[in-house]
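Take a look at the structure below.
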Amino acid sequence: MGRLNQLRLSDEVIIVDDDYDKSEVLAAILREAGFRTAAFTDGRSFVRLARDQKPACVLLDLSMASESGLDVLKDLDARNYPAPILIFSGHEDGLNVVTAMRHGAFDCLEKRLDAGSIIARVIDAIESWKELRGGEEPAPVVDSTIRGYYQLTRREREVLRHIAAANSNKETARTLGISPRTVEIHRGRIMHKLGARNSVDLMRIIMKGGSRRPQAAASKQPAAE
């Protein structure tokens, strides 16, 4: 709880989820950790009132019936919202997660995370957001201290930079002068070398960057082309 004590325990986390029971469980977990909570069961209500609020963090379900999390991010202009927005996603949401990142989502959480992991990720998001907003927000980059980075070929690193920028396979292929199918093959190899289980996990690895444990110095040799 040491890191949590460094935050203001009055910080509010907003939950946007049309599943009332799940929302109540999340709220209970967060309140137990010392946060205040507010909940919205539809995206429109949140967007309508959000500009008058400045929470510590927002937890947004990506798959809602009336208005999707993607719609909320677009309507809210999430890139300019004054708090990090974490999206909840399932394994089937890989492509939507990439689109959500492009539209301002700060990080993504898997729906089956345990309570301790949720709290840890919320705290990480709040702390990282404060650090980023201490200066100009940098453009998306790929940290070379990501575990497995030095196993990537030069081309795979180029593709990884496009993934970090949330470019589609077609956009990446057009820029690099290769086919979308080749991009897919490179993406699969990148996921294997970085230890990503799925697209959601890959985006999280990229965003965490150097906070992941780097490889031993002996393994930091550039891969052959």
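Quick notes
- Thr182, sole failed condition from (1) modelled with pLDDT of 90 or more; (2) in contact with a Gly (Cβ under 8 Å, 6 or more places away or on another chain); (3) polar (S, T, N, Q): (2)
- Residue within segment 29-36 that is in the same structural domain as Gly116 (by TED's automatic domain parsing), closer than 18 Å to Ala115 by Cβ and exposed (fewer than 15 other Cβ atoms within 10 Å of the Cβ) present: yes
- A single member of Gly90, Gly2 is in contact with a Lys or Arg (Cβ under 6 Å, 6 or more places away or on another chain) and modelled with pLDDT under 90, and it is Gly90.
- Flag if Arg197 is of a type in the set (D, E, K, R), at pLDDT 75 or above and farther than 19 Å from Arg102 by Cβ: yes
- Search result, residues across segment 25-46 that are among the hydrophobic types (A, V, I, L, M, F, W, C), within 12 Å of Ile14 (Cβ to Cβ) and in a helix (DSSP H, G or I): Leu26, Ala27, Leu30, Phe46
- The set of residues in segment 87-105 being closer than 23 Å to Ala28 by Cβ and surrounded by fewer than 21 Cβ atoms within 10 Å (Cβ to Cβ) consists of Gly90 alone.
- Any hit, segment 57-71, residues being more than 16 Å from the chain's Cα centre (by Cα), modelled with pLDDT of 85 or more and not polar (S, T, N, Q): yes
The values are calculated or read from the model by the stated rules, or taken from the named source; none is laboratory data. Keep in mind it's a predicted model, so treat the numbers as computed, not measured. Reconstructed Cβ throughout: ideal geometry from the backbone, glycine too, with neighbour counts over all protein chains shown.
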